[in-house]
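Chemist: Got a structure here, written out as structure tokens. Questions coming.
The values are calculated or read from the model by the stated rules, or taken from the named source; none is laboratory data. Everything numeric in this text was worked out from a predicted model, so none of it was measured. Using ideal geometry, Cβ is built from the backbone for each residue, glycine included, and neighbour counts are taken over all protein chains shown. Quick note on the areas: whole protein, heavy atoms, side chains included, nothing else; ligands and nucleic acids left out. Shrake-Rupley method; radii C 1.70, N 1.55, O 1.52, S 1.80 Å.
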Amino acid sequence: MSEKIRKGRIVNIQRYSVHDGPGIRSTVFMKGCPLKCMWCSNPESQKTEEEVIHRNSLCIQCGSCKEVCETDSITVTDEGVQINRDTCITCGKCAEACYTGTLSMVGSLVTVDDIMDVVKKDSLFYRNSGGGITVGGGEPLVQAEFVRDLLEACHKNGWHTVLDTCGYGSAKKLKMLLEHADLVFYDLKHMDSRKHKKITGVPNGKILKNAELISSLDIPMYVRIPMIPGLNDDKTNIRKTAKFAKKLKNVKQVNLLPYHLGGLGKHNNLDREYPMGDLKAMKDDDVAEAKGIFEKEGFKVEVGG
Amino acid sequence: MAGKMKYPISKRVARLKDAILSEPMSIVSDRSRIVTEYYRETDGEPVALRRAGAFKAFMEKMSIKIFDDELIVGGLTDRLRGCQFFPEYASQWLKSELETLSSRETEQRLIDDEDVEVLLEDIKYWKGRSLDEKAIALWKEQYGTRISDANEARAYIDFKGSLITRLHADYDKVLNKGLKGVIKETKAELKKLKIDVYEDLDKRYFLQAVIKSCEAVMILAKRYSSLAKKMAKQEKNKKRKKELEEIAAVCARVPANPAENFYEAVQSFWFTHLGILLEATASGVSPGRFDQYMYPFYQMDADKGITDDRARELMGCVWLKFIQINRARSLDLAQVSHGTMYQNVTVGGETAEGKVAVNKMSYLVLDVTEQVRLPQPTVSVRYNDRSPEDFILRACEVVSGGGGIPAFFMDKYAYSALPLFNIPLEDVRQWAPVGCIEAIIPTKSHGAFYWSFYSLGKCLELALHNGIDPQTGLKLGPKTGDSTKFKTYDDLFAAFKKQVIYLIETSKLANHSYHPLEASLVPVPFASGLLDDCIKNGKDLRDGGAKYNMFLSSNPRGHITTTNSLYALKKMVFDDKRITMKEMLEALAVNFKGKEKLRKQLEAIPKYGNDVDDVDQVASDLFQLCEKGARDLGPGPFGDTITTTNQGIGLHYVFGGALGATPDGRMANMPTADGSLSAYPGSDTRGPTALINSAAKIAVKPCLSSLLNVKIHPGSVKGLDGLRKLMQLIKTYSDLGGYLIQFNIVDTETLYDAKEHPEKYRDLTVRVAGFTAFWIDCAPGIQDELIARTQHEF
């Protein structure tokens, strides 16, 4: 056994995912993302390294975590735990000491086999429902070699695979993943590169090019657009997005994802400020106009999902 | 709270529903008075004839009423939601509970002063004569305090003579031959009897009683016919006048004669069902395969142009009749039942010949269920892979509207379990769940389902305390040793096993004593005449007359809480040695007061329902222990194999209430997990596929029931795609060998709101265990537990 077994860092595996592709699925959330979308609802998947999160609703202020912290990075208040992220060395001792489930480590290092051991348990559900595995994140492209192995293993089991990607990565890596992707979920966050950079941290050039690459390979794609009030939901951007999507030959469906507050609590769990402030969540009806624009272009549109 | 409906509810049915739900439930003295009078005058009459005589007197004299809008007539009383008192079964409790009847936590009942007077007088006669008192006296004589102690500590529960009879009567026979046909058949058997054979005398009394009780029900129908005729004469509204005339004509013909159209068939069905419920204070009397026996009559009329709306309206009227059925039960029984009557209607599956049984009536049943959306009747879908997909999807659509109905039962499981009881294939194909959920053969089985509920949680407490119940100090089990001296988990399990077997025996001694008592005190000739082969055998069903006597009579409860507790002990005390048994016992004794840290640690130990093999194995061992333990104690009173049933009713609440803190971190007196395969509320965190996998791993066979409740968020079943995913969950559970899966599809916010504003949710229904109940009928403890059950959506 000279060959080193490749490992990947994941946030978690979500069984019974019913909104991440056809049928009943399991979704593997990879850790690490090159984007920093302001509304990110999975901020614990942004950093590539392991980190500590806290769910303060479970905290009983017992102080067990503080006792074991070697860098004195923990404060316990009436609201629960706060961690000084500058001094925290993510040793994990606090999570180990916490018995209420408040503190936990996110980002364990696993092998493809480790993941398969879990997702295999639901194989009959996949078979009966035409479901399978979705790999998302985070951004799968960040750990492309590992994700390729994972997708390949899924195909060996005969499961349908979905690659959920923001598209920001090298074309070479993307191609590698596409070999074992039956369907791609592809995010288009803004058509104006400068604005894209402002709200996600990166320009959109690579993303748009990669979309064209997937189209040229004729792999079915769902375009997903997070609808963020005031950031990207203006008519001009929506029209431009629709036009771009129209140029692609492989778009089977457009999903409009109305802004929700899913990220708010999780930012708190990581002691990060929530960039969206107190912006209110949207209702499905709020994206009716955008829906109309896409439908006019002939797309099948779903709100949510 | 009206959910969406594919076909709008008829205005008539909606009005009737509203009228019924606005009416408080009450107890009347009608039956008690008439039956007690009859008994006072008939000392010495053979019991079968005495029962039939009392029944006939009741049918002749009971007050009856036809309500506005009704098309189908006949009720337990002359009120929309009245119930009768059955003093022969249990009587004395009424006196002590009279004051609290209208204000208790569940099944509140009003009672008028004049009725109170009559009832209090009646129960004087019944003192020492009621079934429950006779049983208690018998136990005392034979076993000292063994049974009463177990009952007091809620290790076992005595149902105070409130019969739970699981059967599906032969409605088909009445629809096609009429009660006159049943009488004819009975007379032919009478002719065969010899007058010089001892047993034939009992048979003669029984068969005569069958005839008399059939006549009694025919009399009741005739009385409704006359009443309708009289009302028609006085009715000013022309439309209603015509309706009343039609009611008069229908009731003049059925159930005495064969039904000749759909209307007559529905009314004939109802009189038959009502007759059984008026004869005895049974619950669990199930219509069974309604779509199969009603379909020919629907077809008959469909050819003549009956519209589906009309068919649904007539069925809606009878669906609202089911909800009017209720009982006067003592508080401890009410806490178990939460208002339900376990009237189970089954649709789908296969025919006796192995054809797909889904027909137009199966769809109509689903339509009406969706329109009326009430806890009774409970509707069960028999699932198999040959079921038309649109039918299963329609059933998914109905259940996605909330209320937990229909439930999904798997043919695959039933087809492999029932043959273990030597039931031939053509009968197996006819199977249907009865009462809550037990698989039996309609029209041929008496699902003898007795007072043998025992608490597995209590068995664990006894194993931890050397046979002494720590809550009451009573000695309820054998001495199995000082648990602080146990060296291994196996030592603990061995002690636990002894306690389980001893308690199974206690409950068996108790419940089996009821069989001869029932046969000799309260036989049921009317119901028996409608169950194969009672007439042929000349025997009441309580006397073993049925073709199949299926002794669903060992009933463990608290499987999952006990599983989680055993596993927690295994991990914490024996494997990882994080604490000693002594420390554990101390923490349990003080209900974790000041030991919150330990409690959290215990809660964090893996629980059943998360697809964790080690825990699921403990559950599986437990199921097998209970099943084998009961079987090894020998056959039932009629020589039949005893089967263990693993279902629900509200016992997780009652047994949980008498149980101290448990090693899984559950606090004292909280309900245990519901049903038998449902996870402990809030503890299944890996979603329904993990829960289903856990459930499917448990070796339930040869038991004829198990129950898995899954709470799902409405968002997960939205649209056709969502319904398909629900169907795929059902199919996969069937493939994996599961028996029953049911869903509570209502969001937690709604339940919170309902707890706060019950008045807004008069018609909100929820799946509690093997049954559905009105939210407002659930005791506060059950409401909290329903809110806590994990909701699956991702």
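Chemist: In the structure shown, do any of A:235/A:283; B:718/B:755; B:485/B:597; B:4/B:412 have a Cα-Cα gap over 21 Å, and if so which? Mind dumping the intermediate values first?
Modeler: Details: A:235/A:283 17 Å; B:718/B:755 25 Å; B:485/B:597 25 Å; B:4/B:412 32 Å.
Where the Cα-Cα span goes over 21 Å, the pairs concerned are B:718/B:755; B:485/B:597; B:4/B:412.
Chemist: Follow-up. In region B:650-684, which residues have a backbone nitrogen under 14 Å from the label point lying 7 Å from residue B:748's Cα in the Cα-to-Cβ direction?
Modeler: In region B:650-684, the label zone of residue B:748 (backbone N under 14 Å from the point 7 Å along Cα→Cβ) covers B:681-684.
Chemist: Calculate the FRET efficiency for residue B:197 and residue B:260 from the Cβ-Cβ distance with a Förster distance of 41 Å, rounded to the nearest 0.05. List each step's numbers first, then the result.
Modeler: Numbers: r = 41 Å, r/R0 = 1.00.
About 0.50, to the nearest 0.05.
Chemist: Right, another one. Does region B:57-193 come out rounded, prolate or oblate, given a ≥ b ≥ c as the square roots of the eigenvalues of its C-alpha gyration tensor, rounded meaning a/c under 1.5 and, failing that, prolate meaning a/b above b/c?
Modeler: Verdict is oblate for region B:57-193.
Chemist: Considering only DSSP beta bridges whose two residues both sit in the protein assembly as shown, what percent are antiparallel, to the nearest 5? Spell out each step's value before the answer.
Modeler: Numbers: 31 of 87 bridges.
Roughly 35 percent of the DSSP beta bridges within the protein assembly as shown come out antiparallel.
Chemist: Of all DSSP beta bridges in chain A, what percent run antiparallel (nearest 5)?
Modeler: Antiparallel bridges make up about 40 percent of those DSSP assigns within chain A.
Chemist: What does the average come to when, for each residue of peptide B:708-716, you count the partner chain Cβ atoms lying within 10 Å of its Cβ?
Modeler: On the way: counts 0, 0, 0, 0, 2, 0, 0, 3, 3.
The per-residue average across the peptide is 1.
Chemist: Give me the aspartates and glutamates in straight-line cross-link reach of residue A:31: C-alpha distance below 12 Å, same-chain residues under 8 apart excluded.
Modeler: A:44, A:49, A:50, A:51, A:139
Chemist: Quick one: what are the phi-derived ³J(HN,Hα) couplings along region A:75-83, Karplus 6.51/-1.76/1.60 with θ = phi - 60°, whole Hz, x for glycine and proline?
Modeler: Whole-Hz 3J(HN,Hα) from phi for region A:75-83: 10, 10, 10, 4, 7, x, 9, 10, 10.
Chemist: Which whole number gives the average count of other chain Cβ atoms within 10 Å of the Cβ atoms across peptide A:21-32? Each step should come with its number before you reach the end.
Modeler: On the way: counts 0, 3, 4, 9, 3, 3, 1, 0, 0, 0, 0, 0.
Other-chain Cβ atoms within 10 Å of each residue's Cβ, averaged: 2.
Chemist: What accessible area, in Å² to the nearest ten, does a 1.4 Å probe give for residue B:631?
Modeler: Spelled out: residue B:631, probe radius 1.4 Å, area about 100 Å².
Chemist: Shifting gears a bit: Taking each pair of distinct Cα atoms in region A:149-206 once, what is the resulting Kirkwood hydrodynamic radius in Å? Write down the numbers at each step before the final one.
Modeler: Numbers: mean 1/r = 0.0788 Å⁻¹.
Averaging 1/r across every pair of different Cα atoms and inverting gives 12.7 Å.
Chemist: Where only protein heavy atoms count, and the probe is 1.4 Å, what is the accessible area per residue for region A:51-106 in Å²?
Modeler: Values: 3000 Å² over 56 residues.
That works out to 54 Å² for each residue.
Chemist: Give me the distance between the Cα centres of region B:580-605 and region A:1-68, rounded to whole Å.
Modeler: The distance from the Cα centre of region B:580-605 to that of region A:1-68 comes to 31 Å.
Chemist: Now for a different question. What does the accessible area of residue B:355 come to, in Å² to the nearest 10, when a probe of 1.4 Å is used?
Modeler: Its accessible surface works out to 130 Å², give or take rounding.
Chemist: Going by average Cβ neighbours within 10 Å, how do the peptides B:542-548, A:294-300, A:161-167 rank, with the highest at the top?
Modeler: Working: B:542-548: 22.6, A:294-300: 14.7, A:161-167: 24.7.
Averaged packing, sorted descending, gives the order A:161-167, B:542-548, A:294-300.
Chemist: Please report the antiparallel percentage of DSSP beta bridges with both residues in chain B, rounded to the nearest 5.
Modeler: Bridges in chain B that DSSP calls antiparallel: roughly 35 percent.
Chemist: Protein chains only, probe 1.4 Å: how do B:640, A:86 rank by accessible area, largest first?
Modeler: On the way: B:640 35, A:86 145 Å².
These residues rank, largest area first, as A:86, B:640.
Chemist: With runs of 4+ DSSP H residues as the only contributors, calculate the mean residue ellipticity of chain B at 222 nm using -39,500 (n - 2.57) per run, divided by the residue total and rounded to the nearest 500. Could the numbers behind the result be given before it?
Modeler: On the way: 31 runs with 397 residues, N = 794.
That comes out to -16000 deg cm²/dmol.
Chemist: Which aspartates and glutamates have a Cα lying under 13 Å from the Cα of residue B:194, excluding residues fewer than 8 positions away in the same chain?
Modeler: List returned: B:202.
Chemist: For region A:51-106, what is the largest minus smallest coordinate of the Cα atoms on each principal axis, given in angstrom and ordered from greatest to least?
Modeler: Projected onto its principal axes, the Cα set of region A:51-106 covers 24, 20, 16 Å.
Chemist: Follow-up question, since we're still on this one. Could you rank the peptides B:110-119, B:292-301 by their average count of other C-beta atoms within 10 Å per residue, with the highest value first? Walk me through the numbers before you get to the answer.
Modeler: Values: B:110-119: 15.1, B:292-301: 20.3.
Highest-to-lowest ranking by the protection proxy: B:292-301, B:110-119.
Chemist: For the protein assembly as shown, take the alpha-carbon Rg, divide it by the Kirkwood Rh, and send me Rg/Rh.
Modeler: On the way: Rg = 32.0 Å, Rh = 31.7 Å.
In the protein assembly as shown, Rg relative to Rh is 1.01.
Chemist: I want to check the label-to-label distance for residue B:597 and residue B:22. Put each point 7 Å from Cα in the C-beta direction and report it in nm to one decimal.
Modeler: The modelled label-to-label distance comes out at 6.1 nm.
Chemist: Now for a different question. At a Cα cut-off below 16 Å, give the aspartates and glutamates reachable from residue B:304, other chains included and same-chain residues fewer than 8 away excluded.
Modeler: Hits, sequence-local ones excluded: B:260, B:264.
Chemist: Quick one: compute the contact order of region A:51-106, relative version, from alpha carbon pairs under 8 angstrom and 6+ residues apart, as a percent.
Modeler: Details: 89 pairs, mean separation 27.1, N = 56.
Reported relative contact order: 48 percent.
Chemist: So how far apart, in nm, are the two label points at residue B:40 and residue B:425 if each is 7 Å from Cα heading toward Cβ?
Modeler: If labels sit at residue B:40 and residue B:425, their model points lie 6.0 nm apart.
Chemist: Here is a further query. When only C-alpha pairs under 8 Å and at least 6 residues apart count, what is the relative contact order of chain B, in percent? Numbers along the way, then the final one.
Modeler: On the way: 1636 pairs, mean separation 119.5, N = 794.
It comes to 15 percent, rounded to a whole number.
Chemist: Moving on. Which value, in Å², gives the accessible area per residue of region B:131-207 when a 1.4 Å probe is used on the protein heavy atoms? Intermediate values should be presented prior to the final figure.
Modeler: Numbers: 3830 Å² over 77 residues.
Heavy-atom accessible area per residue stands at 50 Å².
Chemist: Another question about this same structure. Give me the percent of accessible area attributable to carbon and sulfur for chain B, probe 1.4 angstrom. Don't skip to the answer; put the middle values down first.
Modeler: On the way: 13500 of 26590 Å².
So the carbon and sulfur contribution to the accessible surface is 51 percent.
Chemist: At 1.4 Å probe size, with no ligands or nucleic acids counted, give the accessible surface of residue B:121 in Å², nearest ten.
Modeler: Near enough 90 Å² of accessible area.
Chemist: Roughly how many whole Å is it from the C-alpha centroid of region B:248-297 to that of region B:630-694?
Modeler: First find each Cα centre; the distance between them is then 35 Å.
Chemist: Just reorder A:54, A:260, A:180 by solvent-accessible area, largest first, 1.4 Å probe, all chains present. Don't jump to the answer; show the numbers that get you there.
Modeler: Details: A:54 5, A:260 95, A:180 35 Å².
My answer, sorted largest first, is A:260, A:180, A:54.
Chemist: Taking only pairs that are 8 or more places apart or on different chains, how many Lys pairs in region B:499-582 have Cα atoms under 18 angstrom apart?
Modeler: Values: B:536/B:547; B:539/B:547; B:570/B:582; B:571/B:582.
Eligible lysine pairs with Cα atoms under 18 Å apart amount to 4.
Chemist: OK, next. What are the extents of the Cα atoms of chain B along their three principal axes, listed from largest to smallest and rounded to whole Å?
Modeler: 82, 63, 53
Chemist: Pull up all non-local amide H partners of residue A:302: gap of 5 or more, or a different chain, and H-to-H distance under 5 Å with H placed in the peptide plane.
Modeler: A:254, A:255, A:256
Chemist: Now for a separate question. Work out the mean other chain Cβ neighbour count within 10 Å for the residues of A:100-106 and drop it here as an integer. Write out the running numbers ahead of the final one.
Modeler: Working: counts 7, 4, 1, 0, 0, 0, 0.
Per residue, the number of nearby Cβ atoms from other chains is 2 on average.
Chemist: Can I ask one more? Taking all protein chains together and a probe of 1.4 Å, list B:198, A:186 from the most accessible to the least accessible. Could the numbers behind the result be given before it?
Modeler: On the way: B:198 180, A:186 0 Å².
Descending accessible area places them as B:198, A:186.
Chemist: Grab the DSSP H runs of chain A that are 4 residues or longer, score each as -39,500 (n - 2.57), total them, divide by all residues and round the 222 nm result to the nearest 500 deg cm²/dmol. Provide the component values of the computation, followed by the final result.
Modeler: Details: 11 runs with 96 residues, N = 305.
Value at 222 nm, helices only: -9000 deg cm²/dmol.
Chemist: Report Rg (one decimal) and Dmax (nearest whole number) for chain A, counting Cα atoms only, units Å.
Modeler: That works out to 20.2, 61 Å for Rg and Dmax.
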